[in-house]
Amino acid sequence: MVHRKYLFTIVGLLILLSCSSSLWDELPGPISEFLSTYYPSSTISSYSEHNGEYYVTVKNGASLTFDSNYHWTLINGNGEVLPQVFLYDQLPPALYQYIESLEALDDVYVASNNARNCMLTLKGCTVDYIYETGKISEIRMK
C-alpha cells in the first residue's frame, strides 16, 4: 500500500513537471532566454499571448509582460523583490545609480517600461525615469 502511494506521488510530480516544461517549450526564444537569465530554475505556471503581448507567470513569483518585440514592459514581483542582476542589466544606468544611492536595490517590487519612461515601485515610493530628458522623479507614498 505504501509503495502504491509513493508511485502515485511520483507520477503526479512527473505530470506537473511535464506541464511546466511544455510551457517552457511554448515560450518564444527571447522570452525563454530572459527568464533563464533573471529567473533561473524557475517553474512557469502560466503563459499566454493576446494581441501581440506575451504574459508569463513564474510559479510563486513574478508576473511578466512582454511586447510584440519581446521587450519587457511590466515585471511585478508579486510581493517579492526583483532580481538585482535584472535591475543592473535592464535599467538605464542613471536610474540604477539613483536606486543604488537610495540603498534601495533590495526594495524594488515592480518595474514598468515603455518608449516614454521606466517606472519602479519600491517600498514606500515610486521612481519615474523619463528617457527623453533623463529626469528622475520620486513620489513618496503615505
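In the set Leu82, Leu64, Leu87, only one residue is at pLDDT 95 or above and within 19 Å of Ser137 (Cα to Cα); that residue is Leu87. Within the stretch 108-120, is even one residue more than 16 Å from Ile31 (Cα to Cα), aromatic (Phe, Trp, Tyr), modelled with pLDDT of 95 or more and surrounded by fewer than 16 Cβ atoms within 10 Å (Cβ to Cβ)? No.
Within the stretch 59-67, the presence of at least one residue that is within 23 Å of Ser22 (Cα to Cα), surrounded by fewer than 16 Cβ atoms within 10 Å (Cβ to Cβ) and touching a Gly at 6+ places or on another chain (Cβ under 8 Å) is confirmed. For the condition under 13 Å from the mean Cα position of the chain (by Cα) and more than 23 Å from Gly29 (Cα to Cα), Leu95 does not qualify. When Ser41 is evaluated against the numbered criteria (1) within 27 Å of Asp25 (Cα to Cα); (2) modelled with pLDDT of 95 or more, which criterion, by number, is the only one it fails? Only one criterion in (1) within 27 Å of Asp25 (Cα to Cα); (2) modelled with pLDDT of 95 or more is unmet by Ser41, namely (2).
When the stretch 32-48 is filtered for residues that are among the polar types (S, T, N, Q) and either surrounded by 13 or more Cβ atoms within 10 Å (Cβ to Cβ) or closer than 14 Å to Asp89 by Cβ (or both), the ones remaining, listed by number, are Ser32, Ser36, Thr37, Ser42, Thr43, Ser45.
The values are calculated or read from the model by the stated rules, or taken from the named source; none is laboratory data. Values in this document were obtained by computation on a predicted structure and should not be read as measured data. For neighbour counting, all protein chains shown are included, and Cβ atoms are generated from backbone atoms with ideal geometry for every residue, glycine included.
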